[in-house]
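> Handing you this structure, nothing more for now.
The values are calculated or read from the model by the stated rules, or taken from the named source; none is laboratory data. Computed from a predicted model, the values in this text were never measured in an experiment. A quick note on method: Cβ atoms are made from the backbone with ideal geometry, for glycine too, and the neighbour counts reach across all protein chains shown. Accessible surface is based on the protein model in full, side chains and every heavy atom, while ligands, DNA and RNA are left aside. Shrake-Rupley method; radii C 1.70, N 1.55, O 1.52, S 1.80 Å.
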Amino acid sequence: MTQSELVISLHDALAQIGPEAWDACACPESAGGARPTDPFTTYRFLKALEDSGSVGAASGWQPHYMTAEAEGQIIACAPLYLKYHSQGEYIFDHNWAGAYERAGGRYYPKLQIAVPFTPVTGRRFLVRPGFEDIGRAALVQGAIETARRNALSSLHLTFCTEDEARVGAAMGLMARKTQQYHWVNRGYGDFDAFLADLSSRKRKAIRKERARAQAFGGEIEQLTGDQIRPHHWDAIWAFYQDTGARKWGTPYLTRAFFDHAHEHLRDDILLVLATRGGRVVAGAMNLIGASALYGRYWGCIEDHPCLHFELCYYQAMEFAIAQGLDRIEAGAQGEHKLARGYLPVGTYSLHWLRDDGFAEAVAHYLEAERAAVDEDIDILTSYGPFRKTDMEDHQ
């Protein structure tokens, strides 16, 4: 099969593609009923964003889902959006936009291949098994040609996999490296086994922190699937609004998204809720993948010492250990995660800029940034809470 035999199309709505065709590329492993590796690129998750009005022209994330078709079958697709700002991306290009516009260019709109509002690594080239090479090439070439044809400044693929970053760089895209903090399950049988892996000082600090959190005067419960009831989403929405208002001013998701989540996503979701006096006072929302737990949203209507760490980190660890999950990805930022067993790891993105001179300047910047990120990861890892030697545990 040659590139000329492929048909590249853009779609304003996922319904124009359909769940079977999309998920055959996004999560083929789930065809037999298995849990998707990446819950965020499934048809049901992206459709919930669309149907709830969380994405669309009014949000600045206008869908133009891309497909590559061969002999009447979709072999590859990508969650492509026309962006009118750089909000909800978590790999920041505000400085690029400012420099581009100061030089007389128009940076927005731009094209973005991403899961909106979701700083989670996953495949961005969603390719049906057996079509990996030609499917990836078709999506890259199709997206660049779309940007060129519409005189757009740039194309960005955020939170792609490391393998996709290598492939994309070989196709001429610029690779960027950033970092997050992830917790890795080293085959722990229970939470105490994780604590035994830490230095004595860190182990004592976490036990003290958990004791303070659990003394908040109520109960903590983990809910998933049918255990989640419609009224729980009222609490989650209140928490989400409160946290959003304190961090960035305007929440990205609409209230309707959480209704869609209850209807279509609750088997993919873990809620960790703290209830006091019959009232839910704090909570964390996670999504569950085949091998990872993804922390997404946290909030509270009462402040209690250390309760954030308990609900977002330690309860998540207990769930991951019990379910045999390999890791927890707790979202963007947060060096405070380091003391709680989350170590820095690289995250990746790919970029194309239409202006050659600007692209050259950004390429030099990215080279220096990669070196700095690698150095930061090495240094921060050395400050992690894990025991360096057996002797350290007895000091």
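> Suppose a student asked you for the relative contact order of region 326-395, using Cα pairs under 8 Å spaced at least 6 residues apart; what percent would you report?
It comes to 48 percent, rounded to a whole number.
> If I model region 195-353 as equal point scatterers sitting on the Cα atoms and use the Debye formula, what is log10 I(q)/I(0) at q = 0.17, 0.18, 0.20 Å⁻¹?
-1.10, -1.23, -1.46
> Enumerate the aspartates and glutamates that residue 208 could reach by cross-link, defined here as Cα to Cα under 19 Å, with residues fewer than 8 away along the same chain left out.
190, 192, 197, 219, 303, 310, 318, 393
> Between residue 95 and residue 141, what is the spin-label point distance in nm, taking each point 7 Å from the Cα along the Cα→C-beta axis?
Placing both labels 7 Å along Cα→Cβ, they lie 3.5 nm apart.
> Could you tell me the calculated FRET efficiency between residue 377 and residue 12, based on Cβ-Cβ distance and R0 = 30 angstrom, to the nearest 0.05?
Working from the Cβ atoms, E equals 0.15.
> Out of (1) 21.0, 63; (2) 23.6, 85; (3) 21.8, 67, which label holds the value of Rg and Dmax of the Cα atoms in Å that was computed here?
Read-out from the structure maps to (3).
> Quick one: net charge of residue 340's neighbours, Cβ under 10 Å, K/R +1, D/E -1?
+1
> Counting only DSSP beta bridges with both residues in the chain, what percent are antiparallel, rounded to the nearest 5?
In the chain, DSSP labels about 90 percent of beta bridges as antiparallel.
> Go through region 8-22 residue by residue and turn each phi into a ³J(HN,Hα) via Karplus (6.51, -1.76, 1.60, θ = phi - 60°); whole Hz please, and just put x for glycine and proline.
Once θ is set to phi - 60°, the couplings for region 8-22 become 9, 9, 10, 10, 7, 9, 5, 4, 5, 9, x, x, 5, 5, 5 Hz.
> Hey, got a sec? Which chymotrypsin sites (Phe, Trp or Tyr not before Pro) in region 225-284 land in a DSSP loop and have at most 11 other Cβ atoms within 10 Å?
Answer in residue order: 248.
> Can you spot the lysines whose alpha carbon is less than 21 Å from residue 110's alpha carbon? Ignore those fewer than 8 places along the same chain.
83, 177
> Measuring with a 1.4 Å probe in the full set of protein chains, what accessible area per residue, in whole Å², belongs to the chain?
Accessible surface, normalised per residue, equals 43 Å².
> Diagonalise the Cα gyration tensor of region 300-366 and give the resulting equivalent ellipsoid semi-axes, square root of 5 times each eigenvalue, largest first, whole Å.
After diagonalising the Cα gyration tensor, the semi-axes are 37, 16, 11 Å.
> Taking Cα pairs under 8 Å and at least six residues apart, what relative contact order does region 162-268 come out at, in percent?
21
> In nm, to one decimal, how far is the modelled label at residue 208 from the one at residue 171, with both set 7 Å along Cα→Cβ?
5.2
> Full-extension gain between residue 355 and residue 215, please, as 0.36 nm times their residue separation minus the C-alpha to C-alpha distance.
Going from the current span to full extension adds 44.6 nm.
> Roll a 1.4 angstrom probe over the protein heavy atoms and tell me the percent of accessible area of the chain that is carbon or sulfur.
49
> Between residue 326 and residue 364, what FRET efficiency follows from the Cβ-Cβ distance if R0 is 41 Å, with the result rounded to 0.05?
The pair residue 326/residue 364 has a calculated efficiency of 0.65.
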